[in-house]
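Presented below is the structure to which this report refers.
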């Protein structure tokens, strides 16, 4: 059971890391080329469509699955393997903290009714650079989480590789 949970943790974390990395390396650079009005409109639409059930399932899995893998008893799990999962979980939780404390409030401000009457250049100036800094931090954190969890999954234990 622990091996399955760890496998699912690696998969969900990898999916989320890939999503954030593509946003960082492809979507935001493309949006940076838009006019202020286009940028604000597109970011508002993205923020409306991203938090759907599949995304939320992956987002929650990034925290819940490694924690569950840690708490399932396993005979012979090495301390190294356990601490890799702990470190991966901590990085994932730090990612979520950055998202909840940084990116989500900026998304909410972008969508706020008072932002509707504000010139797009002002709205963008208050949003884009700060959002990108938070996004870079959370992307690095989730990539670290993915690497740590993947390392834990492939690290051999004295009891065998399937003992997670």
Query raised in the report: Does segment 30-58 hold any residues that are closer than 30 Å to residue 5 by Cβ and part of a helix (DSSP H, G or I), and which are they?
Result: 49, 53, 54, 55, 56, 57, 58
Query raised in the report: For residue 14, which of the numbered conditions (1) within 16 Å of the chain's Cα centre (by Cα); (2) loosely packed, with under 14 Cβ neighbours inside 10 Å; (3) in a helix (DSSP H, G or I) fails to hold?
Result: (2)
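Coordinate-derived values only; no laboratory data. All of these numbers come straight from a predicted model, not from anything done at the bench. Backbone-built Cβ (ideal geometry, glycine too); neighbour counts: all protein chains shown.
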